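First comes the structure, then the notes that go with it.
The values are calculated or read from the model by the stated rules, or taken from the named source; none is laboratory data. These numbers come from a predicted model, not from an experiment. Heads up, the Cβs are rebuilt from the backbone with ideal geometry, glycines too, and the neighbour counts pull from every protein chain shown. Side chains included, ligands, DNA and RNA excluded: accessible areas come from the protein's heavy atoms. Shrake-Rupley method; radii C 1.70, N 1.55, O 1.52, S 1.80 Å.
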Amino acid sequence: MIIYKSTRGGDEAKKSTEAIIQGIAKNKGLFVPDGIPLLSFKPEQKIGMPYQYAAFHVMKSFLPEFTEEELERCVVGAYDSKFETPDVVSVVKTEKAYFLELYHGRTAAFKDMALSILPYLLTMAMKKEKESKRIVILTATSGDTGKAALEGFSDVLGTEIIVFYPKDGVSLVQERQMTTQNGKNTHVFAIEGNFDDAQAGVKRIFNDEAFAAEAAARGYRLSSANSINIGRLVPQIVYYVYAYIKLLETGALSAGEPMNAVVPTGNFGNILAAYYAKRMGIPIRKFICASNRNNVLTDFINTGVYDANRAFYVTNSPSMDILISGNLERLLYHLSDGDSAEIAALMADLDNNGRYSVSDRIRRGLADFYGGFCNPQETLDAIGRLYASENYLMDTHTAVAYSVYEEYLRDTGDRTPAVIVSTASAYKFADSAADALCVDAGGDGFANIAALHEKTGVNIPSALKNLENKEIRHRGVVSADKMTDAVRDSLK
Ligand SMILES: *Cc1c(COP(=O)(O)O)cnc(C)c1O
């Protein structure tokens, strides 16, 4: 049976249910499985299988405490008609690559893939562990996690959800999605700072033992919906398995042939899930890690030195405006063969000096990764170029991946069929997409949703229709050092 341990060592050993409830390990490390299970089936024998089936089988091996009936209930509840495409996700062929569209859920970003099931997993885990406290989901967001978590946890019994987003670091649509959120248990705050400040603040609250005791005395227990929670990570492995089987089905690949995965990357959760899929047996040759102008990961992959001491840029792919990629810690752990002392030392370097340099062993493991980045103008150019040539509309994050993939092709000539992970609807970043297609309507930004629709005919996700007329319910703005007070006030 799989047990979850901390990337930073110590003897904490948790069942999957406990790890999901707790979120992060006591010594601030992330929970990692003590072994990565192999797929329980051969991909080529599962051609045509529904997404829900893949989800059930992949997740089962990581979550052994859940009975089949329980897991089935979670999967069926999460992946239903909330998703506006019949197969939950879509695989779309273009000339250079296959786009794996993960944004057909309730909030029009790929975060829905995990956050539509996390509330089911968490409430099930609470029941199984006889957890009687109200769980408080604390979430830092660069824009998309927050809304997906709010939507997932809104009015879920036994939970409160509190979201912090960077005040000037999200798109108008993203902000309005969050500030109009319904649900008696939802709390949303803008913070004066960037995503890294929000994430650091949330981590600080988690590590504040006095506050945990105070909350416990009032009947609350803190947990996380960020991708540090294994209940977020595990559901993300599924779509890589599913995509591979789709490529077998279309004949793009024969059994056993490899694919490449191109992932627009911020906190490193999505691409880490691709790595887990490979460890489970999906043949992925290269992990192409695409960053925006905040290119700390590109430099890391190329040099083995992670250095967050650099300017932070607000870009047109805001969900990737991140300098501290939390989930990289898990990859380092696996590439070091589970050397938790090494990981603890690296993370201490990061805390103290904002940088670290990895061992040769980890560097050798990084050979499967290709790092690239592009700036905001190149992002818009990529959207314009692909739309002009193939009428295919990308959002800015996916466009970063596409642009980096084009560079990868020029650089390497590697013609391995590639899946580009498409992480958001272009309508979420309508201003940028309208700009890229030269149909910018000006105004308050919502006009660009209409302009984009007029130009492309691409369906507007129902979540984004009429957004500008919804009542704003959350107006709190706090400084980054007052986040604890905001949490305290929310838990009345
Ligand atoms: C969160 C997000 C990303 C980055 O994903 P990570 O798992 O944080 O690396 C990319 N694109 C969009 C649209 C996102 O919301």
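Some notes on this structure:
- Residue satisfying condition, being modelled with pLDDT of 95 or more and either within 15 Å of the ligand (Cβ to nearest atom) or in contact with a Gly (Cβ under 7 Å, 6 or more places away or on another chain) (or both), within set 202, 234: 234
- One residue stands out in segment 381-399 among those that are in a helix (DSSP H, G or I) and within 16 Å of the ligand (Cβ to nearest atom): the one that is surrounded by the fewest Cβ atoms within 10 Å (Cβ to Cβ), namely 382.
- Among the residues of segment 319-361, the ones that are in contact (Cβ under 8 Å) with a residue 60 or more places away in the chain, of a type in the set (Ser, Thr, Tyr) and farther than 22 Å from residue 12 by Cβ come to 2 in all.
- Among the candidates 276, 244, residue that is away from the ligand (no atom under 16 Å from the Cβ), of a type outside the set (A, V, I, L, M, F, W, C) and crowded, with 22+ Cβ neighbours inside 10 Å: 244
- Yes/no for residue 210 being hydrophobic (A, V, I, L, M, F, W, C), assigned to a helix (DSSP H, G or I) and over 27 Å from the mean Cα position of the chain (by Cα): yes
- Taking residues in segment 254-277 that are without any contact (Cβ under 8 Å) to a residue 12 or more places away in the chain, and partners anywhere that are within 12 Å of the ligand (Cβ to nearest atom) and among the β-branched types (Val, Ile, Thr), not one pair has Cβ atoms closer than 6 Å while being at least 6 places apart or on different chains.
Every residue, every condition in (1) more than 20 Å from the chain's Cα centre (by Cα); (2) open to solvent by less than 10 Å² (accessible area, probe 1.4 Å), yes or no:
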residue	(1), (2)
49	yes, no
54	no, yes
58	no, yes
63	no, yes
82	no, no
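- Of everything in segment 279-295 that is open to solvent by 10 Å² or more (accessible area, probe 1.4 Å) and part of a strand (DSSP E or B), the residue that is nearest to the ligand (Cβ to nearest atom) is 286.
- Residue identified as outside any strand (DSSP E or B), closer than 22 Å to residue 418 by Cα and over 14 Å from the mean Cα position of the chain (by Cα) among 338, 256: 256
- Residue 91 fulfils the conditions (1) of a type in the set (A, V, I, L, M); (2) within 16 Å of the ligand (Cβ to nearest atom); (3) farther than 24 Å from residue 472 by Cα except for a single criterion, (2).
- If only residues of segment 97-119 that are touching an Asp or Glu at 6+ places or on another chain (Cβ under 7 Å) and open to solvent by 30 Å² or more (accessible area, probe 1.4 Å) are counted, the one that is farthest from residue 418 (Cα to Cα) is 106.
- Residue in segment 331-341 that is within 16 Å of the ligand (Cβ to nearest atom), out of contact with any strand residue (DSSP E or B) (no Cβ under 7 Å at 6 or more places or on another chain) and within 26 Å of residue 33 (Cα to Cα) present: yes
- Filtered residue count, segment 412-446, keeping only those that are free of Cβ contacts under 8 Å to residues at least 12 places away in the same chain and either within 12 Å of the ligand (Cβ to nearest atom) or surrounded by fewer than 17 Cβ atoms within 10 Å (Cβ to Cβ) (or both): 4
- Members of segment 94-134 found to be touching a strand residue (DSSP E or B) at 6+ places or on another chain (Cβ under 8 Å) and closer than 19 Å to residue 242 by Cβ, listed by number: 97, 98, 99, 100, 101, 102, 103, 104, 109, 110
- Just one of (1) open to solvent by less than 10 Å² (accessible area, probe 1.4 Å); (2) more than 16 Å from the chain's Cα centre (by Cα); (3) not hydroxyl-bearing (Ser, Thr, Tyr) fails for residue 158. It is (1).
- If you go through segment 213-231 and pick out every residue that is in a loop (DSSP other than H, G, I, E, B) and open to solvent by 40 Å² or more (accessible area, probe 1.4 Å), you end up with 1.
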